[in-house]
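Written below as structure tokens is the structure these notes are about.
The values are calculated or read from the model by the stated rules, or taken from the named source; none is laboratory data. Computed from a prediction, not measured in an experiment: that's the story for all the values here. With ideal geometry, Cβ positions are generated from the backbone for all residues, glycine too; neighbour counts draw on all protein chains shown. Heavy atoms of the whole protein, side chains included, go into the accessibility calculation; ligands, DNA and RNA do not. Shrake-Rupley method; radii C 1.70, N 1.55, O 1.52, S 1.80 Å.
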There are 2 protein chains.
Amino acid sequence: MTTKESKLYSISELAHEFGISTRTIRYYEEVGLINSHREKETLPRTYTSRDRTRLKLALRGKRFGFSLAEIKEMLDLYDVDPTEKEQLRRTIELGDKRIAEIDEMIKELEETKQEMLEFRQKFMEMLKEKEGTS
Amino acid sequence: MTTKESKLYSISELAHEFGISTRTIRYYEEVGLINSHREKETLPRTYTSRDRTRLKLALRGKRFGFSLAEIKEMLDLYDVDPTEKEQLRRTIELGDKRIAEIDEMIKELEETKQEMLEFRQKFMEMLKEKEGTS
DNA sequence: AATTAAGTTTACGTTAACGTAAAGGTGATG
DNA sequence: CATCACCTTTACGTTAACGTAAACTTAATT
């Protein structure tokens, strides 16, 4: 029985998959946002699917305008030590705050969408009024 | 009958209301994101409620990680000339794209929330298992 | 009349998040 | 064995989005 040997990714594979540069990936490692695993200290980085997932989540955070520091804090929530009750509690608490934030964001987005749809409606009517004018 | 004379805001009023600096507001004007109205070219800026709304929308865009340039482009959609059919069409088209983007964001946020709730559940169980351990 | 509060412009400083270039190591391939 | 292709580190450059400071004006108070 070999020790769980799932697929490993190279840095350029991930870069290509997510449409980012290898520099970006190295930078994320530099600031502690993600990890890499290397055989011999000196040579090529390799990434597990867990690393890949973390990167994916990080990029999601970016798309929503979070700073790398904020993202790191959020991702580190998933890596809490399950034997430490106090840590667990703090994690849950912080997580709840984030969830509330997400709810707020969803609400705001839906409002925005609604407003845009109303404008769309107005513009469509304006267009109709000018029908045939070329 | 006086010409529509609704409330005017000063720069520090708006800054305070939205929790930003006056510098930020001037900067937004500098890059054409918002406008101000002044009596005599030289003296204090004053803002209509329309200006205020535009600023509010801009800040909303910021919270979602859009750049000021992107925000400007989006806000300018609202200021289209209604007599220009082609412009109207382009505006509607671009607006539709933004609406689709918003839908995508909402979807992603809901996924994220779901995942976080699942983690929360797991952590709660871990906590329960350790019940009484202090 | 002098101080205070709020505004102005100009201009240089700062930070996050990378881009980019230089100089070099490895392993596969024609 | 030379040339890719891909990786590495180090380090300086760049841009957006303001912060901050200086020097000044104007209106209202003391």
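If you check B:G19 against the conditions, is it within 14 Å of another protein chain (Cβ to nearest Cβ) and farther than 26 Å from A:K122 by Cα?
Numbers: within 14 Å of another protein chain (Cβ to nearest Cβ): no; farther than 26 Å from A:K122 by Cα: yes.
Spelling it out, it is not the case that B:G19 is within 14 Å of another protein chain (Cβ to nearest Cβ) and farther than 26 Å from A:K122 by Cα.
Listed conditions (1) within 12 Å of DNA strand D (Cβ to nearest atom); (2) open to solvent by 70 Å² or more (accessible area, probe 1.4 Å) are all met by B:I34, apart from (2). Which of the residues belonging to the stretch A:82-134 are over 26 Å from B:L109 (Cα atoms) and acidic (D, E)? Hits for the stretch A:82-134 are A:E84, A:E86, A:E125, A:E129, A:E131.
Summed over the stretch B:101-126, residues that are farther than 18 Å from A:E73 by Cα and over 31 Å from the mean Cα position of the chain (by Cα) total 5. Restricting attention to the stretch A:87-128, the residues that are more than 30 Å from B:F66 (Cα to Cα) and either within 9 Å of chain B (Cβ to nearest Cβ) or touching a residue at least 60 places away in the same chain (Cβ under 8 Å) (or both) add up to 2. If you check B:K62 against the conditions, is it touching a Gly at 6+ places or on another chain (Cβ under 9 Å) and either free of Cβ contacts under 8 Å to residues at least 12 places away in the same chain or not assigned by TED's automatic domain parsing to the domain that holds B:E108 (or both)? In short, yes.
Somewhere in the stretch B:68-83, is a residue within 16 Å of DNA strand C (Cβ to nearest atom), open to solvent by 50 Å² or more (accessible area, probe 1.4 Å) and within 14 Å of chain A (Cβ to nearest Cβ)? Looking through the stretch B:68-83, at least one residue is within 16 Å of DNA strand C (Cβ to nearest atom), open to solvent by 50 Å² or more (accessible area, probe 1.4 Å) and within 14 Å of chain A (Cβ to nearest Cβ). Of all the criteria given as (1) near DNA strand D (Cβ under 10 Å from one of its atoms); (2) surrounded by fewer than 15 Cβ atoms within 10 Å (Cβ to Cβ); (3) at pLDDT 95 or above, the one not satisfied by B:I25 is (2).
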